[in-house]
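The block underneath contains the structure these notes are about, expressed in structure tokens.
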Amino acid sequence: MFKGYIYLTWKMLLRDKTFTAISLFGISLTLCVLITISAVFDNYLFHDGPEKTNNNFLLVRNVIFEAPEQNFKSGKPGYIFFHQILKKLKEPQLTSAYEGGLKNITFVDDKKYTHSYCYTDANYWKILDFDFIHGRAFSSMEFEQGSKLAVISVSTARDLFQEEQVIGKIIQVHNQQYQVIGVVKDVSSYEPVASFDIWVPYTTYPSLQYRNSFDGDWSALLYHEDKKKLPAMKSEYTSVLKNNFEPIGPWFSAEGIAETKYDRLGLTLYSSHYREADASSFVKYSLFYAFLIMLLPTVNLVNLNISRIMERSSEIGLRKALGASRNQLLFQFIVENIFLTVIGCLFGVLLSVLIIDHLAGIGFVRSAPISFNLRCVAYALVWSLLFGVLSGVLPAYRMSRLHPVIALKKEKI
Amino acid sequence: MIKLDNICKYYQTDRMETQALRNIDMDIQQGEFVSIMGPSGCGKSSLLNIIGLLDEPSEGQILFDGEEIQFKRDKELAQVRNQKIGFIFQSFHLINDLKVVDNVELPLLYRKIKASERRRMALEILDKVGLSARSSHFPSQLSGGQQQRVAVARALVGKPALLLADEPTGNLDSQMGNEVMTILENLNSDDNTTIIMVTHDKSLAERTTRIERIFDGRLIH
């Protein structure tokens, strides 16, 4: 039966080629947009850089602190918060704190270079999977001792020394001199936890004031080698904030979540308020925007389908006379429409491969490569199924309710 | 087999109500070959559509094998149409994009029958109507008479107890019409299939076992 539906759809498509071309154009363009957007999201969620371990860690970066008289502060906390909270957590195997987003300006041969740098600890290198081209990361002991050692990206090495093999050379960061002990591959800006140019131990901070500061730009990573432990780590963190929070300065309570990769994307894309950002908001809003993108082409395709299906009203009448129920006809025409959208999907995939290739070529987002992979094919199939059902249900429903006697009066089959 | 009790059918248009059938009582026994005659627009096809469960009467009741069926759900009515009734239409109603054998298989698609078995049954019935050599052709490659024989094969493939034919020879010349009529006669005599045929042709009607005449929506006795 299924094969028969597909065969008949194919024949229908060949019957009116202009009509088919218009339908396929609309479908493939819509799916191309969705596949390209999915590919961008995919690159945010599935990394091949240091954050490829992101199924195993949670990121803490936003906290709401409350003070008496309804005073509150929202944003990244100071080091003292992590120092106080992280030591109470039992679930994570490793924790790491880092302060990123700092800028280091260097002049080389009268040319100005701005590099981002990050203060962090030794666990940072164990949690994230950096690709070292030369050298190594700083060890726990070197971190504890406050050794002035730095890891830099290969681009930074080229900027500062015009070469990649720079182990042992000295760089200046925040008015302090550091010896380069490692060179890593550049990190895509899709991986914000790891996307810096220079990394140094935070024990080398110019003063110890950071240890007592409420303010700062600190974040933390909570890691477990078993990704199934993430929910437990997440709830432990929330619980510690809620029930076991020791006041910090004026702040007597704190609220926040430890974010999975989906939570992070949800927050980045759809909310300025961390309370509303989680994995479900990511899925919810993504589907909502995908629906918006599909709405107009869907309405268009619904109209095209209705006129195409009404041409076949005699066939519908015949099938009813031969014993097809409304539901069987509904199913048949939805299957036919899904088949049409899957063909459109093939063109959509080809188009999006070209577009993604072009975007990658022109560096659409600086240092953020975008690529087409097998997952994108899976997204394409999901979108085409959804699009096929959305645009097929209404025409199929109307058609399945045609009165057989009236339908049979139309001569053409 | 079929009992029509006081069947009326009205069609409501913007300005007026048209009465297509008035107080039709009819009792058709298993194995009968009934022809329904009458002028155009007298309600013959409306009656056939109601008997074939394609339309509902405005009043009255239909008993099919002693069971009242007009209030059944769509799915159940579809099942009765599929398993107990075969339709032959004046304009054949073959799907031009499907091969002859695929057209014949259509009613079997709505039964739980394996594809290979469906194909076997379709080829067998095509052989019976003398078209086995044309099974891979498309309807447009056949003559009118051959197309109607395909339609007959399609109506018979599910072995229905009741065959409804709406002017089956109306679009055929006399020779082809005669061929189709012979097939129906053999079916009635050999397989004891009940046939109800709407026709304008008196000579064809006289070949059936019973003639019912309708005029202005009423049965004339």
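The values are calculated or read from the model by the stated rules, or taken from the named source; none is laboratory data. From a predicted model like this one, the values you see are computed outputs, not experimental measurements. Note that we place each Cβ from the backbone using ideal geometry, even for glycine, and neighbour counts take in every protein chain shown. The accessibility values were calculated without ligands, DNA or RNA, using every heavy atom of the protein model including side chains. Shrake-Rupley method; radii C 1.70, N 1.55, O 1.52, S 1.80 Å.
Within the stretch B:192-207, the set of residues being touching a residue at least 12 places away in the same chain (Cβ under 8 Å) and either within 16 Å of residue B:162 (Cβ to Cβ) or among the polar types (S, T, N, Q) (or both) comprises B:192, B:193, B:194, B:195, B:196, B:197, B:198, B:199.
For the stretch A:334-352, the criterion of being within 14 Å of another protein chain (Cβ to nearest Cβ), open to solvent by less than 20 Å² (accessible area, probe 1.4 Å) and in a helix (DSSP H, G or I) is satisfied by at least one residue.
Annotation for the stretch A:207-221: no member residue is assigned to a loop (DSSP other than H, G, I, E, B), at pLDDT 95 or above and not polar (S, T, N, Q).
Checked against the criterion of being within 14 Å of chain A (Cβ to nearest Cβ), under 30 Å from residue B:112 (Cβ atoms) and open to solvent by 20 Å² or more (accessible area, probe 1.4 Å), the stretch B:20-43 contains not a single residue that satisfies it. Considered as a group, the residues in the stretch A:303-319 that are within 14 Å of chain B (Cβ to nearest Cβ) and either outside any helix (DSSP H, G or I) or of a type in the set (S, T, N, Q) (or both) include one that is farthest from residue B:77 (Cα to Cα), and that residue is A:311. Applying a threshold of 7 Å to beta carbon distances and a minimum spacing of six or more residues, or different chains, the list of pairs starting in the stretch A:283-307 at a residue that is of a type in the set (S, T, N, Q) and ending at one that is assigned to a helix (DSSP H, G or I) reads A:298/A:387; A:298/A:390; A:298/A:391; A:300/A:26; A:305/A:337; A:305/A:391; A:305/A:392; A:305/A:395. The set of residues in the stretch B:19-64 that are free of Cβ contacts under 8 Å to residues at least 60 places away in the same chain, on the phi > 0 side of the Ramachandran plot and not in a loop (DSSP other than H, G, I, E, B) contains only B:60. Within the stretch B:86-104, the set of residues being more than 8 Å from chain A (Cβ to nearest Cβ) and either surrounded by 23 or more Cβ atoms within 10 Å (Cβ to Cβ) or without any contact (Cβ under 8 Å) to a residue 12 or more places away in the chain (or both) comprises B:86, B:88, B:92, B:100, B:103, B:104. Scanning the stretch A:46-71 for residues that are assigned to a helix (DSSP H, G or I), crowded, with 18+ Cβ neighbours inside 10 Å and under 13 Å from the mean Cα position of the chain (by Cα) yields one hit, A:51. For the stretch A:320-333, the set of residues classified as closer than 9 Å to residue A:399 by Cβ and either open to solvent by 30 Å² or more (accessible area, probe 1.4 Å) or within 13 Å of another protein chain (Cβ to nearest Cβ) (or both) consists of A:329, A:330, listed by residue number. Scanning the stretch B:103-142 for residues that are part of a loop (DSSP other than H, G, I, E, B), modelled with pLDDT of 90 or more and of a type in the set (Gly, Ala, Ser) returns B:135, B:136.
Counting residues in the stretch B:150-157 that are within 20 Å of the chain's Cα centre (by Cα), more than 30 Å from residue B:40 (Cα to Cα) and not polar (S, T, N, Q) gives one or more. Test residue A:298 against the criterion of being assigned by TED's automatic domain parsing to the domain that holds residue A:42, open to solvent by less than 70 Å² (accessible area, probe 1.4 Å) and at pLDDT 85 or above, and give yes or no. In short, no. Looking for something open to solvent by less than 10 Å² (accessible area, probe 1.4 Å), part of a loop (DSSP other than H, G, I, E, B) and more than 8 Å from chain A (Cβ to nearest Cβ) - is there at least one such residue anywhere in the stretch B:65-75? Yes, that holds for at least one residue. Taken together, A:22, A:6, A:80, A:27 contain a single residue that is touching a residue at least 60 places away in the same chain (Cβ under 8 Å), buried (at least 22 other Cβ atoms within 10 Å of the Cβ) and not in a strand (DSSP E or B), which is A:27. You will find that of A:263, A:226, A:278, the residue that is modelled with pLDDT of 90 or more, of a type in the set (Asp, Glu) and out of contact with any strand residue (DSSP E or B) (no Cβ under 6 Å at 6 or more places or on another chain) is A:226 and no other. When B:153, B:115 are screened for being within 14 Å of chain A (Cβ to nearest Cβ) and surrounded by 21 or more Cβ atoms within 10 Å (Cβ to Cβ), only B:153 passes.
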